[in-house]
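In what follows, a single structure is set out as structure tokens and then discussed.
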Amino acid sequence: EPSLPEHDILARGAHFSMASFLAGQKSTVYPNAPAGLLFHGDPGIPQSYANGSMLGFAPRVGLAWDPQGNGKQSLRASYGIFFDTPETFSARDWGLMAPWGNTVSLTAPPGGLSNPFLGYPGGNPFPTPYPPTANSVFPLSGVTVNFPLDLHHMYHQQWDLGYQTQLAGNWMLSATYLGNKATHLRTSTEENPSVYIPGASTVANTQQRRVLTLLNPAVGPYYAGITLADDGVNTNYNALRLSVQHRFSHNFTLLSVYTWSHCLQNAETYGNRNSQGANQYQNPYNRNADYGPCDFDLRQNSSTSLVYQVPKLSNGVVNQVFGHWQLGSLFSVHTGFPFTPLTGVDNSLTNVRQDRPNVVGDPYVKNTSSGVWISPAAFVANPLGTFGNAGYNSLRTPGFFDLDANLTRYFPIREHQRI
């Protein structure tokens, strides 16, 4: 299955190369761009800003066996590899970058919000001229979105082993083991964080402490945050699924499913991590520090649906009054979702703003009378220049149950017509 990354018809986008930045190499397409920022038309930069691959091999195999040959039991097993296409991240964010559109990140500007470009070289850079020309101006503190050129094709391995048996009276029991592993899913990290310098780090000098500014004080200030797409997210999931089913007979049908499972990941993917405020790790240099449960990790999950239909009554008049009724219900119950404690303060002074606190006690109160589930006293802010030890998705919300029901009455008109 080939991986052919989508591309913008106008070739909007850019690629930041650290090697080119260190070597002082500049773009020939947009000569005013800072060193290290390359565009389609520069050597080695494809129009999609990521190389594709034609070598995605996706074998799939399945087995089904009837142990007794009477059609009442089955043993099933399967394995497969499945590739997937990414979210259209590039279509959203390529246009935020110079020269097509500017995004400027200023931390603690001297003029505040009322005059954020006070003292900014050249003054307010907006609006951006469009369409851009070869001599377009690139602003200081510009925000950049970056893909690795050798972007991997995300894929998913899935395997299962299941047993089903039919019992008398239209009942079926099933037990299934499900497992899967996703590889090269995508998230992002900060490629140009601020470096903590003991005794000399404040929010006001965030830009001066960024990695590229420290490496090259003349060129580095043109870069603020560089959002680097990271294709190194891996997840693994294992589950036991038990179910009982009764096909419609004797005026009712029932399906009940229980799943005991666990999903783990070394980082969260684009869409889910938006719930935490940013698509970035707490520590941009340690992806595995975000290893933990997946956002949708429900350790136990059960759902039961039941439909009961009042049988036809022998007395015609009584049947018209009390017959033709149907009761439907859906009952679900599951353990709580995981979530992450955040301080909301950039104590690490990296400008990533995903700091987690340090855990100093048991966080769970679980007081149903007061409605308090988590104790803030179990956490303290991480010291300056450090990252908190609270894990990603290390807390759990309360469990949940829900019962939905409906009562319906139908009125027969003819054999194949009813209201």
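The values are calculated or read from the model by the stated rules, or taken from the named source; none is laboratory data. Source: prediction; values computed, not measured. So basically every Cβ, Gly included, is an ideal-geometry build from the backbone, and we count neighbours across all protein chains shown. Ligands, DNA and RNA are stripped out before the accessible areas are found, and what is left, the full protein with its side chains, is counted by its heavy atoms. Shrake-Rupley method; radii C 1.70, N 1.55, O 1.52, S 1.80 Å.
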Practice problem: Compute from the Cα atoms of region 147-211 the Rg and the Dmax, the latter being the longest Cα-Cα distance, and quote both in angstrom. | Solution: 25.9, 77
Quiz prompt | Rotationally averaged projected area of region 105-190 (alpha carbon convex hull; nm²) | solution = 13.5
Quiz item: How big is the charge dipole of region 138-215 about its Cα centre, in debye rounded to the nearest 20, if each Lys and Arg gets +1 on its Cβ and each Asp and Glu gets -1 on its Cβ?
Solution: 160
Exercise. Taking the Cα atoms of region 2-70, report the difference between the largest and smallest coordinate on each principal axis, in whole Å and largest first.
Key: 77, 28, 14
Exercise. Can you work out the PRE-style zone for Met18? Point 7 Å along Cα to Cβ, and I want the residues of region 168-204 with backbone N under 19 Å.
Key: 187-197
Quiz item: What dipole magnitude, in Debye to the nearest 20, does the chain give about its Cα centre under +1 on Lys/Arg Cβ and -1 on Asp/Glu Cβ?
Solution: 960
Practice problem: Mark the label point 7 Å from the Cα of Trp325 along Cα→Cβ and return the residues of region 402-419 whose backbone N is within less than 12 Å of it. | Solution: 407-410
Quiz item: Given a 1.4 Å probe, how much area per residue of region 35-176 is accessible, in Å²?
Solution: 56
Practice problem: Report, in deg cm²/dmol and to the nearest 500, the calculated mean residue ellipticity at 222 nm for the chain, where each DSSP H run with n ≥ 4 adds -39500 (n - 2.57) and the sum is divided by the residue count. | Solution: -1500 deg cm²/dmol
Quiz item: FRET efficiency for Asn358 and Ala168, Cβ-Cβ distance as r, R0 = 45 Å, nearest 0.05?
Solution: 0.15
Self-check item: For region 284-318 and region 384-416, distance of Cα centres in Å
Solution: 8
Self-check item: D (Stokes-Einstein, µm²/s), Kirkwood Cα radius, the chain, 1.002 mPa s at 20 °C
Solution: 81
Exercise. Please figure out what share of the DSSP beta bridges in the chain is antiparallel and state it in percent, rounded to the nearest 5.
Key: 95
Quiz item: Leaving out ligands, DNA and RNA, what percent of the accessible area of the chain is carbon and sulfur, probe 1.4 Å?
Solution: 60
Quiz prompt | Among Ile226, Trp94, Leu242 - extreme Cα towards positive end, dipole of the chain, charges at beta-carbon | solution = Leu242
Practice problem: Would you be so kind as to identify which of Gly169, Ser188, Val310 lies farthest towards the positive end of the dipole of the chain, taking Lys and Arg as +1 and Asp and Glu as -1 on Cβ and the Cα centre as origin? | Solution: Val310
Self-check item: Antiparallel DSSP beta bridges within region 7-139, percent to nearest 5
Solution: 90
Quiz prompt | Estimated vicinal HN-Hα couplings, Hz - region 330-338 in sequence order (Karplus 6.51, -1.76, 1.60; Gly, Pro = x) | solution = 9, 10, 10, 8, 8, 6, x, 7, x
Quiz item: Taking N as the number of residues in region 314-419, what is its Cα Rg relative to 2.2 N^0.38 Å?
Solution: 2.08
Quiz prompt | Relative packing of 244-256, 290-302, which averages over residues the other C-beta atoms within 10 Å, highest first | solution = 290-302, 244-256
Quiz prompt | Dipole of region 1-112, positive direction: furthest Cα of Ala11, Val29, Ala64, with charges on the beta-carbon | solution = Ala64
Practice problem: Determine ³J(HN,Hα), in whole Hz, for all residues of region 306-321 in sequence, where each value follows from phi through the Karplus function 6.51 cos²θ - 1.76 cosθ + 1.60 and θ = phi - 60°; x replaces Gly and Pro. | Solution: 9, 10, 10, 10, 4, x, 5, 8, 6, 7, x, 5, 4, 5, 5, 8
Quiz item: Is any residue of region 139-176 close enough, with backbone N under 14 Å, to a label point placed 7 angstrom from the Cα of Trp65 along the Cα-Cβ axis, and if so, which?
Solution: 161-164
